[in-house]
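Have a look at the structure below, then the notes.
The values are calculated or read from the model by the stated rules, or taken from the named source; none is laboratory data. Because the structure is predicted, anything quoted here is derived from the model rather than measured. Here the Cβ positions follow ideal geometry from the backbone for every residue, glycine too, while neighbour counts run over all protein chains shown. The accessibility values were calculated without ligands, DNA or RNA, using every heavy atom of the protein model including side chains. Shrake-Rupley method; radii C 1.70, N 1.55, O 1.52, S 1.80 Å.
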Amino acid sequence: MNGLGVALRITLPLAVGALFLGLWELLVWHYQIPRFVLPAPSLIGRSLVDDFWSLLPSLLLTLKITLMAFALAVLGGVAMAILFSQSRLVELALFPYAVILQVTPVVSIAPLVIIWVGFDNVELALLILAWIVAFFPIVASTTLGLRSADHNLLSLFDLYGATRWQIVTQLQLPAALPYLLSGMRISGGLALIGAVVAEFVAGSGAATGLAWRIIESGNRLNIPRMFAALLLLSAMGIVIFLLLRGLEHLLLRRWHESAVSREL
Amino acid sequence: MTMAAEPLIRLAGVGKVYGNGTLALNGFELTVGRAEFLCLLGASGCGKTTVLRLIAGLGSVSQGRIDWPDGAAPGTAPAGRADIGFVFQEPTLMPWASAFDNVYLPLKLRGISRAAARERVEAMLERVGLAPFANVYPRELSGGMKMRVSIARALITEPSLLLMDEPFAALDEITRGRLNDDLLGLWRGKGWTVLFVTHSVYESVYLATRIAVMCPRPGRIVADLPIEAPYPRREAFRTSTRYNDYCRQVSAALHRAMGEPGP
């Protein structure tokens, strides 16, 4: 992409955003909309600054749950995918349950998990729920990736008497890397969604993450703070997404078609 | 049948039936002599690849035997298997690894450290003319260069038998000719045996000391022709009358093989 393209790619969305916020501010001011219905962007900005230090611990809690759930999803997902690739029997036996876990809406499992573990340790309950949501994309994408290793390369590894472990680490895992990374990008966003949903269900101030702060601010009709917390949540999601995309680019840029710019 | 002095492998009455019921080979007889450059010639789908895979131990025979008159059969021990090099129709490189690491692979799988293998791998890359490209990834190499990496990888273990499955079929005429010459150069220097599968009459006559012609469904050897022309063979050989005579002879055998699919 040339210089003009890059400039457009940054300035164009910014201009649209500025226009939108300006219009919003103007409408709120013109129609005298009360702040508990729709606060002006300037007011949200001020709330973000004023409440930042009170929102920060909540941000860190939600971030911690999200990152831990994500890390465990990657570890568990890759381990399970490797297990599947080693034994068709294990895959046949377990894969349906991974699917069931995925298709059952997390909101409907949440009350159960909160009852079972939430009373003693609400953070553990949040972690479990976020993990359930983040887990499946990793298993599904890595399983596909492990299986997509070049069959002739597999024959070659056989010819040279490679062990199962050598085949996994030196052939199947590298072949699965692009699949795993794209699964991670989906899973990273889902871990955050899972954490937020879990906090909503846990409610009642037991968990004091950002999602709880949104509910709490809503109850108190402190809509500017509600928006501020929401803003922080989406900023977190964006940062996670960008980091994972950066990682993908870093790991694949030398060899995978998806990360290499096309020469024309 | 002309026979080289010392047999390396003997396939006796080999049959292969695939899981889906396809009879790929039946009563397949072939003896490969030590230091021979044997071309297995036949139309697509006549079981040439199956022969190579069976010899490499990448599948089991349904009938008959594959004998290795001296030395352990590949497959009986991991170390014995590495005595075979295999070059596929596609370069079959690991896209995430540099040319160096692709060539290093067979040694790595044997537990040889990178440092210990470095000199050998670099010398091999030099021999296939890719020394400056050691750190380049496959996607940045041309088709011919990828095939050179693939050949270097097959030769790095100094195998006594090199199996090649239509390795140059996807390359352009000029690259193919150049790789033919380079392959002959590599082969003549060492004492190894080559079993080269191709469907090109011209390529087989140019390369081989002997050509075995296969008929399809089920695959069998129907003609066995020695090519008695001295090496080194160069461009001049391609335009000689002797080359043309051989091509005509081999081509006729191939047509007979296709016309009479056997009893």
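Got at least one residue in the stretch A:154-163 being at positive phi, among the small types (Gly, Ala, Ser) and free of Cβ contacts under 8 Å to residues at least 40 places away in the same chain? Taking every residue of the stretch A:154-163 in turn, at least one turns out to be at positive phi, among the small types (Gly, Ala, Ser) and free of Cβ contacts under 8 Å to residues at least 40 places away in the same chain.
Filter the stretch A:76-132 for residues that are small (Gly, Ala, Ser) and in contact (Cβ under 8 Å) with a residue 24 or more places away in the chain and give the result.
The initial filter retains those residues of the stretch A:76-132 that are small (Gly, Ala, Ser), namely A:76-77, A:79, A:81, A:85, A:87, A:93, A:98, A:108, A:110, A:118, A:125, A:130.
Answer for the stretch A:76-132, where residues must be small (Gly, Ala, Ser) and in contact (Cβ under 8 Å) with a residue 24 or more places away in the chain: A:76, A:77, A:81, A:85, A:98, A:110, A:118, A:125, A:130.
Taken across the stretch A:147-154, residues that are assigned to a helix (DSSP H, G or I), over 18 Å from the mean Cα position of the chain (by Cα), within 18 Å of residue A:80 (Cα to Cα) and away from every other protein chain (no Cβ under 11 Å) do occur, with at least one present. Restricting attention to the stretch A:252-262, does a residue exist that is assigned to a helix (DSSP H, G or I) and crowded, with 17+ Cβ neighbours inside 10 Å? Within the stretch A:252-262, one or more residues are assigned to a helix (DSSP H, G or I) and crowded, with 17+ Cβ neighbours inside 10 Å. Name the single residue that is farthest from residue A:131 (Cα to Cα) among those in the stretch A:143-153 being touching a residue at least 24 places away in the same chain (Cβ under 8 Å) and open to solvent by less than 20 Å² (accessible area, probe 1.4 Å). Ranking the candidates gives A:149 first.
Taking the stated definitions as given, is residue A:199 assigned to a helix (DSSP H, G or I), of a type in the set (D, E, K, R) and either within 14 Å of chain B (Cβ to nearest Cβ) or surrounded by fewer than 19 Cβ atoms within 10 Å (Cβ to Cβ) (or both)? So residue A:199 does not fit the description; no. Just wondering, is there one or more residues in the stretch A:183-192 that are within 9 Å of chain B (Cβ to nearest Cβ) and open to solvent by 20 Å² or more (accessible area, probe 1.4 Å)? Taking every residue of the stretch A:183-192 in turn, none turns out to be within 9 Å of chain B (Cβ to nearest Cβ) and open to solvent by 20 Å² or more (accessible area, probe 1.4 Å).
Residues checked against (1) among the basic types (Lys, Arg); (2) within 13 Å of the chain's Cα centre (by Cα):
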{"site": "A:183", "(1), (2)": "no, yes"}
{"site": "A:187", "(1), (2)": "no, yes"}
{"site": "A:193", "(1), (2)": "no, yes"}
{"site": "A:200", "(1), (2)": "no, no"}
{"site": "A:210", "(1), (2)": "no, no"}
{"site": "A:213", "(1), (2)": "yes, no"}
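In the stretch A:29-46, the residues that are exposed (fewer than 15 other Cβ atoms within 10 Å of the Cβ) reach residues that are charged (D, E, K, R) with C-beta atoms within less than 9 angstrom, at least six apart or across chains, in these pairs: A:42/A:25.
Residue B:203 satisfies every condition listed in (1) crowded, with 17+ Cβ neighbours inside 10 Å; (2) acidic (Asp, Glu); (3) more than 25 Å from residue B:129 (Cβ to Cβ) except (3).
Kindly indicate which of A:221, A:247, A:180 is out of contact with any Gly (no Cβ under 7 Å at 6 or more places or on another chain), among the aliphatic types (A, V, I, L, M) and assigned to a helix (DSSP H, G or I).
Details: A:221 fails: assigned to a helix (DSSP H, G or I); A:180 fails: out of contact with any Gly (no Cβ under 7 Å at 6 or more places or on another chain).
After ruling out the rest, the residue left standing is A:247.
Quick grid of which residues meet (1) in a helix (DSSP H, G or I); (2) of a type outside the set (A, V, I, L, M); (3) on the phi < 0 side of the Ramachandran plot:
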{"site": "A:10", "(1), (2), (3)": "yes, no, yes"}
{"site": "A:33", "(1), (2), (3)": "no, no, yes"}
{"site": "A:44", "(1), (2), (3)": "yes, no, yes"}
{"site": "A:48", "(1), (2), (3)": "yes, no, yes"}
{"site": "A:53", "(1), (2), (3)": "yes, yes, yes"}
{"site": "A:57", "(1), (2), (3)": "yes, yes, yes"}
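Checking the stated criteria, residue B:212 turns out to be modelled with pLDDT of 90 or more and of a type in the set (Gly, Ala, Ser). Tell me yes or no: at least one residue of the stretch B:151-168 is open to solvent by 60 Å² or more (accessible area, probe 1.4 Å) and touching a residue at least 40 places away in the same chain (Cβ under 8 Å). Scanning the stretch B:151-168, I find no residue that is open to solvent by 60 Å² or more (accessible area, probe 1.4 Å) and touching a residue at least 40 places away in the same chain (Cβ under 8 Å), so the answer is no.
Of the residues A:84, A:70, only one is surrounded by 15 or more Cβ atoms within 10 Å (Cβ to Cβ) and closer than 25 Å to residue A:239 by Cα; which?
Values: A:84 fails: closer than 25 Å to residue A:239 by Cα.
None of the others qualify; the one that does is A:70.
Listed by position, the helices (runs of 4 or more DSSP H) contained in the stretch B:75-168 that have at least 1 residues being closer than 14 Å to residue A:159 by Cα and either within 13 Å of chain A (Cβ to nearest Cβ) or among the charged types (D, E, K, R) (or both) are B:78-81, B:99-109, B:143-155. Filter the stretch B:48-74 for residues that are more than 14 Å from chain A (Cβ to nearest Cβ) and either in contact with a His (Cβ under 6 Å, 6 or more places away or on another chain) or at pLDDT 85 or above (or both) and give the result. Once the filter is applied, which keeps residues that are more than 14 Å from chain A (Cβ to nearest Cβ) and either in contact with a His (Cβ under 6 Å, 6 or more places away or on another chain) or at pLDDT 85 or above (or both), the stretch B:48-74 yields B:48, B:51, B:61, B:62, B:63, B:64, B:65, B:66.
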